[in-house]
Amino acid sequence: MDIEIKVFLGAFGLVVMAVIIFAYLKAKRHYDRMQQHGLRANGVVVRNKISWGQNTTVRPIVRFVTQDGQPIEGLSTAGVAFAMPRYPQGAKVALLYDPENPHDFTIESADRSYI
């Protein structure tokens, strides 16, 4: 194998690792912020949104009510990269939301009785 190819593959591998680490750290910061400042709510998955493309992802749309009574329906960032929903329609989920922006929420857990 040529040295140029080895260097290219090594550099490409480093870039991929950097992107993965960056995405992980960003998600962890969001989760930590929600743990510290988020408010708890119970919600239900009303449907799933499928995004077709090179990587098909399925993400749940969740409905919940904030502590001040505001109804929210939003697309969760918790998705999976294949066409099988992680949270099927009707699943009950516990979540944390940002009181300043309730559409910014994260699912903590789900009722697994549908499995």
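Quick rundown of the values:
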item: Farthest positive-ward along the chain dipole, Cα basis, beta-carbon charges - from Asn42, Tyr97, Ile3; result: Asn42
item: Estimated vicinal HN-Hα couplings, Hz - the stretch 99-105 in sequence order (Karplus 6.51, -1.76, 1.60; Gly, Pro = x); result: x, 6, 8, x, 6, 9, 9
item: Most mobile of Ala41, Ala94, Ala11 in a GNM of the chain (Cα contacts under 10 Å); result: Ala11
item: Efficiency of FRET between Gln67 and Phe22 - r from beta-carbon atoms, R0 41 angstrom, step 0.05; result: 0.80
item: Cα-only radius of gyration and Dmax that characterise the chain, units Å; result: 18.2, 64
item: Within the accessible area of the chain (1.4 Å probe), percent carbon and sulfur; result: 60 percent
item: Angle between the chain longest axis and helix 3-37 axis [Cα atoms, degrees, rounded to 10]; result: 20 degrees
item: Gaussian network model of the chain, Cα within-10 Å springs - most flexible of Arg63, Arg29, Arg86; result: Arg29
item: Per-peptide average of other Cβ atoms within 10 Å, ordering 43-56, 96-109, 15-28 highest first; result: 96-109, 43-56, 15-28
item: Å² of accessible area per residue within the stretch 1-76, as computed with a 1.4 Å probe and no ligands counted; result: 76 Å²
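The values are calculated or read from the model by the stated rules, or taken from the named source; none is laboratory data. Everything quoted here is computed from the prediction, not taken from an experiment. Reconstructed Cβ throughout: ideal geometry from the backbone, glycine too, with neighbour counts over all protein chains shown. Keep in mind that these areas ignore ligands, DNA and RNA; they rest on the heavy atoms of the full protein, side chains included. Shrake-Rupley method; radii C 1.70, N 1.55, O 1.52, S 1.80 Å.
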